[in-house]
Amino acid sequence: MKKLSLAIAVAATLGAGVANAYEVAVPGSGLLVPNVIHNGATDTTAVGLTNHTAAAITVYWTFFDQDSNHITDGQFDMTANDMEGFVWANEAGLGLEGQRGYLVFHVGTATGAPVYARAISGAAFQADAAASDAAFVPTFPLQDGNVLGSDLTNLGPDSLVAVTNAPVTDDVIAMRYQMDSDFSTNIALWATGGLAASTTVNMFNDEQQRKSVNFTCEFDELCFIDPTTIAGRPVDFTNGFITYAVPDVEGVEQSAVSYSVITSQSFGAAQTLLNTHVATAD
C-alpha cells in the first residue's frame, strides 16, 4: 500500500499530459529515434524493431550528431514478421562513446530506394545497468515524404524534412520539469532544424506563476537540457512547464518532438513524459 500511495503521489505530481497529436505506435516506412547515446555496453540506447510485412526487407539506419551531420550508417535484413534488436553500443563502432545524436531507420531495396509504407515500428530504451533502470525513449514513425532522396546509404542534414503529425513551426510545446530533493529532469527537444539559439520562453510553476527566461540550445537539431541550468529561474520554480514555440527557419516549416526524462530518487528510476503540444490553429 505504501508503494501504491507513493506511485499515485508521483503521478499526481508529474501531471503527465496525454492530449498529444503525435503519431506513435503506428508502423511507418521508417522510424525516428530522437535521442541516442552510449557510454559503453552498460549504458546504451537499445531499439527493438518489428517488420509488419509478409516480405523480407532491408532496413537502412543512419546515426546523425546533434547538428544532423551524418556520422555513420549501416543496414540489416529482416524476414517476414520478424523482430530485430539494435543495441547502439554494439553497432556504433569506435570513437562514438559519449556522443549524443539520433537514429533514422528506413526500409529500402538493395539500391536504397524507399519502399513499403507502414512496414516497421520500434520501441527504444536507455538501458543503464549501474542504475538498474531502462528509461523509455519515444520513437516516431516516418511516412512517405518525410525522408528525401533515393539513396538511403547517403542521407545528409537535409534528408529528413518532416515527421508526420509532429508539432510544426509556431506550434507551442509544454516541456515538463520537476526539480527538487527527490526529482531531477532532462528535457529532450529534437527538430528538423533551427534549435541552435537562445530563445525567450515562459516558465510556469505549479502555482500558475510565470517567469520569462532564456532557453538555450547549443545544437541545431537535438538538445538534451537540465533545466536547473536556466539562468533567472526562481528558486521556487521546481515543478511546472516551459512553453516553447517551434522556430521558423527562413520560412521553411520545421517538425519537432519533445519529451522529459524525470528521475525519482524515491523510486530509483527514470520516467519519460511525452511533452504536450498545442497547434497554432487550435
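The values are calculated or read from the model by the stated rules, or taken from the named source; none is laboratory data. The model shown is predicted, which means the values in this text are computed figures rather than measured ones. In this analysis, Cβ positions are derived from the backbone assuming ideal geometry, glycine residues included, and neighbour counts consider all displayed protein chains. Accessible surface areas use protein heavy atoms only, side chains included; no ligands, DNA or RNA. Shrake-Rupley method; radii C 1.70, N 1.55, O 1.52, S 1.80 Å.
Quick check on this structure: which one of 149, 98, 145 is part of a loop (DSSP other than H, G, I, E, B), among the small types (Gly, Ala, Ser) and under 18 Å from residue 23 (Cβ atoms)?
Values: 149 fails: under 18 Å from residue 23 (Cβ atoms); 98 fails: under 18 Å from residue 23 (Cβ atoms).
That would be 145, the only listed residue that is part of a loop (DSSP other than H, G, I, E, B), among the small types (Gly, Ala, Ser) and under 18 Å from residue 23 (Cβ atoms).
Considering only residues that are polar (S, T, N, Q) and open to solvent by 30 Å² or more (accessible area, probe 1.4 Å), which ones fall in the range 173-197? Quick ask: steps written out before the conclusion?
Of the range 173-197, the ones polar (S, T, N, Q) are 178, 181, 184-186, 192.
Residues satisfying the conditions are 181, 184, 186.
When residue 200 is tested against the conditions (1) farther than 19 Å from residue 185 by Cα; (2) among the hydroxyl-bearing types (Ser, Thr, Tyr); (3) open to solvent by less than 70 Å² (accessible area, probe 1.4 Å), the lone failure is (3). Would it be correct to say that residue 52 is under 19 Å from the mean Cα position of the chain (by Cα) and touching a residue at least 24 places away in the same chain (Cβ under 8 Å)? Criteria not met by residue 52.
Looking at this structure, is residue 135 touching a Phe, Trp or Tyr at 6+ places or on another chain (Cβ under 8 Å), open to solvent by less than 40 Å² (accessible area, probe 1.4 Å) and either in a loop (DSSP other than H, G, I, E, B) or modelled with pLDDT of 95 or more (or both)? So that I can check it myself, show each step before the final result.
Values: touching a Phe, Trp or Tyr at 6+ places or on another chain (Cβ under 8 Å): yes; open to solvent by less than 40 Å² (accessible area, probe 1.4 Å): yes; either in a loop (DSSP other than H, G, I, E, B) or modelled with pLDDT of 95 or more (or both): no.
In short, no.
Within the range 169-180, the presence of at least one residue that is farther than 21 Å from residue 142 by Cβ, more than 20 Å from the chain's Cα centre (by Cα) and assigned to a loop (DSSP other than H, G, I, E, B) is confirmed.
If you take the residues in the range 205-263 that are part of a loop (DSSP other than H, G, I, E, B), polar (S, T, N, Q) and touching a residue at least 40 places away in the same chain (Cβ under 8 Å), which one is most open to solvent (accessible area, probe 1.4 Å)? Give the derivation first.
Here is the first cut: in the range 205-263, the residues part of a loop (DSSP other than H, G, I, E, B) are 206-209, 218-221, 226, 230-238, 246-248, 250-251, 253-254.
Filter once more, so that each one left must be polar (S, T, N, Q): 208-209, 238, 254.
From what's left, touching a residue at least 40 places away in the same chain (Cβ under 8 Å): 238, 254.
Values: 238: 43, 254: 13 Å².
Here the residue is 238.
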